[in-house]
1. Determine, yes or no, whether residue 146 is touching a helix residue (DSSP H, G or I) at 6+ places or on another chain (Cβ under 9 Å) and among the β-branched types (Val, Ile, Thr).
2. Take residues that are of a type in the set (Ser, Thr, Tyr), under 18 Å from residue 151 (Cβ atoms) and at pLDDT 95 or above and tell me which of the helices (runs of 4 or more DSSP H) falling wholly in region 22-135 contain 2 or more.
3. Looking at (1) surrounded by fewer than 18 Cβ atoms within 10 Å (Cβ to Cβ); (2) over 30 Å from residue 51 (Cα atoms); (3) hydroxyl-bearing (Ser, Thr, Tyr), find the lone condition where residue 157 falls short.
4. Hey, does region 96-105 have a residue that's crowded, with 18+ Cβ neighbours inside 10 Å and not hydrophobic (A, V, I, L, M, F, W, C)?
5. For region 100-118, which positions are touching a Gly at 6+ places or on another chain (Cβ under 8 Å) and of a type in the set (A, V, I, L, M)?
Amino acid sequence: MNSESTRDGATRETARILADRLAGERPEISRSLTLNWQDPMAMASRGLEMAGLEYMRAVMNGEVPPAPIAVLMNMSPIEVEEGHAIFSALPGEEHYNPIGVVHGGFMATLLDSVAGCAVHTTLALGEAYTTQTLEVKNLRPLTRDTGAVRAEGTVEYRGRRQATANARLYAEETGKLLASATSTCMILR
């Protein structure tokens, strides 16, 4: 979709279309980024053949392609054990909001991902999960100058129908805590 209709019937360009147009008009302030990703449904079907920890290890080791959201967010799992996951990510200006810092949604996505993947490591073959709730507390601003960040997720409770996990986001260089989150996930059978 290149445009959307407003209530009064007018059309408005999407952000991608507007940015493309502005790149031609204002090349001196324009940037570009090309991304490649693999079919997410092919990846998901592989996940149905493995228990959670086995699948997360396959993703971490590159045996399964990264999820498109991981490519978009520039994040990767670097450690997974049962009930625990650690991701590394590198925020860039493509993650900035209009006030000149990395969008809080970048931090929330990292925290949701690492908490969910910690839960994923506890799944038996044939089980799945989805996030029910996510409560995020952003503690410090994040910019591209922060450098690489590390997100750690740990399962606090794993029941038959739901699990809860805590997640924390740190600046790798300084070790400062940037954000934290609590997630509740629904276990699907």
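1. no
2. Qualifying helices (runs of 4 or more DSSP H): 104-120.
3. (2)
4. No, there is no match, as no residue in region 96-105 is crowded, with 18+ Cβ neighbours inside 10 Å and not hydrophobic (A, V, I, L, M, F, W, C).
5. If the condition is that a residue be touching a Gly at 6+ places or on another chain (Cβ under 8 Å) and of a type in the set (A, V, I, L, M), then 111, 114, 115, 118 are the ones that fit.
The values are calculated or read from the model by the stated rules, or taken from the named source; none is laboratory data. Owing to the predicted nature of the structure, the values given are computational and were not obtained by experimental measurement. Cβ atoms come from the backbone with ideal geometry, glycine included; neighbour counts cover every protein chain shown.
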